[in-house]
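K.L.:
I have a structure I would like to understand better, so I am pasting it below and will then ask my questions one at a time.
The values are calculated or read from the model by the stated rules, or taken from the named source; none is laboratory data. Since we're looking at a predicted model, the values are computed, not measured. With ideal geometry, Cβ positions are generated from the backbone for all residues, glycine too; neighbour counts draw on all protein chains shown. SASA here: full protein model, heavy atoms, side chains in, ligands and nucleic acids out. Shrake-Rupley method; radii C 1.70, N 1.55, O 1.52, S 1.80 Å.
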Amino acid sequence: MADISISNLVKTYPGGTERATDDVSLEIADGDFTVLLGPSGCGKTTLLRMLAGLELPDSGSISIGGRDVTYLPPNKRNISMVFQSYAVFPHRSVRYNIGFGLQMAKMPKSDIEKKVQWAAELLQLGPYLDRLPAQLSGGQRQRVAVARAIVVDADVLLMDEPLSNLDALLRLNFRSELKKIVQDLGTTTVYVTHDQSEALSLGDQVAVMRKGRIAQLGGPLDVYDAPSDRFVGGFIGSPPMNFIDAAVTADGDTLVVGDQKLMAPSLLRSFKASDIVLGVRAENVAVGTQRSSGDIAATVLVVEPMGSTVLLTVDVEGQTLKVQAPPTFRTAPHQTIWLSFSPNTMRFYDRETSMALEAK
């Protein structure tokens, strides 16, 4: 078993005024793929480095498979790690790089060769085993780093933005391959990234971090469809979630946006006569050139054809929104279009705290 339990982890760097990790607790089940997602400086890499033993916490604890490893050195934790940089030996062959950890463990040469061949075939490196890293592409060098990490049969695989140095198309292709490899191995994996597309596509669970804390933990669709606060909704999604200042009428039946009105979902009856924030994803806004009951008017500001969709920037009562229209939708700047919102895709947030509203 290689479940991970992180409890009340605190880390403050010398001279710092803010905690890099601020009382972080996280449970990761054996074999799960967990992604730590957040902007630069949110504490995700520090948390990963403490898991690896490269940084020690000020307080709190880390256990792997029920064993307390909080202050153990990296070589006593049975973990492997893939770094953002390839970190391969430039003067040594691919074969040597992949088998390096096994050599350090003093495994017999015949066994090392079998393991290296297995990892090389898994990562499509078989024809390149006798080449030097300089003779490989960036993607192939990153494959070498991954092969070196998986070949040692570690309890936990840690990855620190391993795809960030690859170009967009290569990153997309390698991402799907990496997910399949990790699924086949069944290794408990913790993956750090600031790329929300990577997080949503790779993770069994996603921990969205902000200022050293976990803002939301859940499945990829959970954090996308139901953000716990405006930060999560605004960070995840391309484009990010729209936020619209609105007000609930005294009877709780109507949502007012400027001078326009929408039918209020039943949740908002608990917030009669309140100022709230409506959150809605661009793809959940239906657009039309003719008004239907319950629609609100919007003025088109920018039209961006994206191939499979048309991305529109529109103005609604002085507030700017991003909405996605079908590729066949035709409009132009300064035209009026009509927007409709499905009640089950609307999310609501407190105007002051930015936290999601729940029925009272």
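K.L.:
Say each of Lys106 and Gln290 gets a label point 7 Å from the Cα, pointing the same way as Cα to Cβ; how far apart are those two points in nm?
P.N.:
Using points 7 Å along Cα→Cβ, the separation is 8.2 nm.
K.L.:
A follow-up question, please. Restricting to DSSP H runs of at least four residues, report the calculated mean residue ellipticity at 222 nm for the chain, -39500 (n - 2.57) per run over all residues, nearest 500 deg cm²/dmol.
P.N.:
The per-residue figure over the chain is -7000 deg cm²/dmol.
K.L.:
Once amide H atoms are built 1.01 Å from N in the peptide plane, which residues 5 or more positions from Ala286, or in another chain, come under 5 Å H to H?
P.N.:
Ser340, Ser342
K.L.:
Further, regarding this structure: What ranking of Met306, Met107 comes out by heavy-atom accessible area, probe 1.4 Å, highest first?
P.N.:
Met306, Met107
K.L.:
Return one number: the angle in degrees, 0 to 90 and rounded to the nearest 10, between the long axis of the Cα atoms of helix 138-150 and the longest principal axis of the Cα atoms of the chain.
P.N.:
Once rounded, the angle reads 70 degrees.
K.L.:
Could you order peptides 293-300, 140-147 by the average number of other Cβ atoms within 10 Å of their residues, highest first?
P.N.:
140-147, 293-300
K.L.:
Here is a follow-up. Taking the structure as given and computing Kirkwood radius over Cα pairs in Å, which label from [x] 23.0; [y] 24.5; [z] 21.2 fits?
P.N.:
Computed from the coordinates, Kirkwood radius over Cα pairs in Å corresponds to [x].
K.L.:
Compute the FRET efficiency between Thr299 and Phe89 as 1/(1 + (r/R0)^6), taking r as their Cβ-Cβ distance and R0 = 51 Å, and round to the nearest 0.05.
P.N.:
0.30
K.L.:
Also, quick follow-up: Could you give the length gained on full extension between Leu172 and Asp315, defined as 0.36 nm per residue of separation minus the Cα-Cα distance, in nm?
P.N.:
Result: 48.1 nm gained on full extension.
K.L.:
Apply the Karplus curve 6.51 cos²θ - 1.76 cosθ + 1.60, θ = phi - 60°, to the phi angles in region 98-114 and return the couplings in whole Hz, x for Gly and Pro.
P.N.:
Using θ = phi - 60°, the values come out as 5, x, 4, x, 6, 5, 5, 7, 6, 6, x, 4, 5, 6, 4, 4, 4 Hz.
K.L.:
What FRET efficiency would be calculated for the residue pair Tyr71, Asp195, taking the C-beta separation as r and a Förster radius of 22 Å, to the nearest 0.05?
P.N.:
The value I calculate is 0.10.
K.L.:
Now for a separate question. How much accessible area per residue does the chain have, in Å², with a 1.4 Å probe?
P.N.:
Here the residues of the chain average 47 Å² of exposed surface.
K.L.:
Related question: Using the Karplus curve 6.51 cos²θ - 1.76 cosθ + 1.60 with θ = phi - 60°, what ³J(HN,Hα) values do you get for each residue of region 291-306, in whole Hz, with x for Gly and Pro?
P.N.:
Those phi angles translate into 6, 10, 4, x, 6, 10, 7, 9, 9, 6, 9, 9, 10, 10, x, 10 Hz.
K.L.:
Also, quick follow-up: So if R0 is 22 Å, what FRET efficiency would Tyr13 and Asn165 give, r being the distance between their Cβ atoms, rounded to the nearest 0.05?
P.N.:
Computed FRET efficiency for Tyr13 and Asn165: 0.30.
K.L.:
State the dimensionless ratio Rg/Rh of region 113-239 (Rg: radius of gyration of Cα atoms; Rh: Kirkwood radius).
P.N.:
1.02
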